[in-house]
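Each remark here refers to the structure printed beneath this line.
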Amino acid sequence: MRVLTLTGSRNINVVLRDYGVTDDYDVILTNENYNTSSTISVTKTQSQIEANMNQLQIPISADYKQGDEYTYKVIDSALNVLFRGKIYFTNE
């Protein structure tokens, strides 16, 4: 589980199960408290991922509430799930 601050510009780096098939990735965030979803689109080339130590960098820029808990998954254009994780938002 990753812990992030409530506001500001934050990044999550993840190692994908596979990459190179596509340059477009969608990150689906699901709020565990309210069962609502939102999507973040990320475009990174294979060389950009390799330059970041084989990690996809996901920008998180929206504001969240104290104690919000989200699950997220990274999918490619073929709808393959490449990563799953959890995020907890707090300023403590």
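Every number in this text was worked out from the coordinates using simple rules, so none of it is lab data. Given the structure is predicted, the values throughout are model-derived calculations rather than measurements. Using ideal geometry, Cβ is built from the backbone for each residue, glycine included, and neighbour counts are taken over all protein chains shown.
For the reader, a short list of remarks on this structure follows.
- Tallying residues that are of a type in the set (Val, Ile, Thr) and in contact with a Leu (Cβ under 6 Å, 6 or more places away or on another chain) within the range 1-37 yields 1.
- Search result, residues across the range 63-92 that are polar (S, T, N, Q), assigned to a loop (DSSP other than H, G, I, E, B) and surrounded by 12 or more Cβ atoms within 10 Å (Cβ to Cβ): Asn80, Thr90
- Enumeration of residues in the range 22-44 that are surrounded by 12 or more Cβ atoms within 10 Å (Cβ to Cβ), touching an Asp or Glu at 6+ places or on another chain (Cβ under 9 Å) and of a type in the set (Val, Ile, Thr): Thr22, Ile40, Val42
- Cβ pairs under 6 Å, 6+ apart, first in the range 57-82 and closer than 17 Å to Val3 by Cβ, second among the charged types (D, E, K, R): Ile60/Arg10; Glu69/Glu32; Thr71/Lys86
- Filtered residue count, the range 50-62, keeping only those that are assigned to a strand (DSSP E or B) and either out of contact with any strand residue (DSSP E or B) (no Cβ under 9 Å at 6 or more places or on another chain) or not polar (S, T, N, Q) (or both): 4
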